[in-house]
1. Over all directions, average the projected area of the Cα convex hull of region 107-154 and note it in nm².
2. Quick one: pull the percent of accessible area on the chain belonging to carbon and sulfur, 1.4 Å probe, ligands and nucleic acids left out.
3. Under a 1.4 angstrom probe, counting protein chains only, how are 282, 150, 157 ranked by accessible area, largest first?
4. Among 234-241, 313-320, how do they line up from the highest to the lowest mean number of other beta-carbon atoms within 10 Å?
5. Provide the descending list of Cα extents for the chain along its principal axes, expressed in whole angstroms.
6. With every protein chain left in place, what is the accessible area of residue 334 in Å² (1.4 Å probe, nearest 10)?
7. With the crude spin-label approximation of a point 7 Å out along Cα→Cβ, what separation in nm comes out for residue 200 versus residue 230?
8. Relative contact order, percent, of region 228-374 when contacts are C-alpha pairs under 8 Å separated by at least 6 residues?
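The values are calculated or read from the model by the stated rules, or taken from the named source; none is laboratory data. Predicted model, so just to flag it, every value in this text is computed and none were measured. Positions of Cβ are backbone-derived with ideal geometry, glycine not excepted, and every protein chain shown enters the neighbour counts. When the accessible area is computed, the model is the full protein with side chains, heavy atoms only, and any ligands, DNA or RNA have been set aside. Shrake-Rupley method; radii C 1.70, N 1.55, O 1.52, S 1.80 Å.
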Amino acid sequence: MFVCEKCGNTNSRYIGYINNKPYCRLCLSFNGKSASFHYINPNSDLKEELSYELSEEQENIATGVKEAFANHKNSLIHAVCGAGKTELVYRTIAYALSFGLQVGFTIPRKDVVIELEERIKSAFPSNSVTSVYGGHTSNLEADIILLTCHQLYRYEHYFDLLIIDETDAFPYQGNEILHTYFNKSLKGNFIMMSATPLPSMIKEVRDTGGKFFELKTRYHGHPLIVPKVIVSPFFRDILISKKLKQFLNDNKQCFIFEPTIDKAEILFNKLKIFYKQGAVVHSKKSNREEIISAFKKGEYRYLITTSILERGVTVKNLQVIVDDASSPIYDEKTLIQIAGRVGRKIDAWDGEVIFFCDKENDEIRSALEKIKEANTYVKNM
Ligand SMILES: [Zn+2]
């Protein structure tokens, strides 16, 4: 069987014969000059040179993608239209260039390549940039090569970092030959970007052990509530009381977590003087199921609890206060679970989580980090 060396075609429909010698008709039009080796000066200052503003969500993805690349992993960025996808990969581009690695950025459509050129040039003023597309192929080599997918065939085993945007778009999608050239031009790792990733794209990234990132908006897939940390070694009871009053006035129910049963009982004895519709629950309360179900029905407006309620309970419009959040009882996972009580309903996705503590310790810090991370990383594949 004839296998085309250039594109891997084996379909006899696209195989012709000249003097009984087979040739591939599928990639016949892909017959231009190949790119030569291009040396890129490593520039370790580059990472610091970049200055552009990213939202916190973008920031997390930009860093995550860079780390994936640094660990020789592919990435798929699922970002909604107009979310500023291109800027998400600048950090990775800078990282690659700082080691003198070859960068390519490919897009199915020529007009997008042209549009991208100015942006990339101004973001990377100390690097050479070239655009390669049909009718514009005189300069094939540069530190950063922007090209249509149709031009990838010129770059065999060439790119240390290859970014591909709009992979779901015509003419790349479903075009086997472009897909083959994409894989052949890749020497290192790729970053795929799409507003609507197809299952085949997800599979491709997953099969290579890559990472999956999603840039969310607050219009769907609302992010987790990031807890507010209030450091106050003294008078926390007063602060808690004030906050509780506010929640009750807003007609919102509240959980107050205490690290121990004793502390839960003590706080309840103080608060119940001012706020009648509350209760305390912990493992020693024999009627705790009744209390919890009464709370769910709205008969209680606040519950003081130990970590027995850290998971499993979903109450609409619930607010959460954690007292003594720096207590060794609370590790990062517990704090994340507790914070996750809030904003669980689609029609009540917002809310407040407040960590009152003596000091912000490592568990609190890493819980906050993980929550922020989870707001951007949908899943690690
Ligand atoms: Zn071929």
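1. On the way: hull surface 12.2 nm².
Taking the Cα atoms of region 107-154, their convex hull projects to 3.0 nm² on average.
2. On the way: 9410 of 18880 Å².
Using a 1.4 Å probe with all protein chains present, the chain comes out at 50 percent carbon and sulfur.
3. Greatest to least solvent exposure: 157, 150, 282.
4. The most tightly packed comes first, giving 313-320, 234-241.
5. 98, 46, 31
6. Accessible area, nearest 10 Å²: 20 Å².
7. Here the answer is 5.5 nm between the modelled labels.
8. 31
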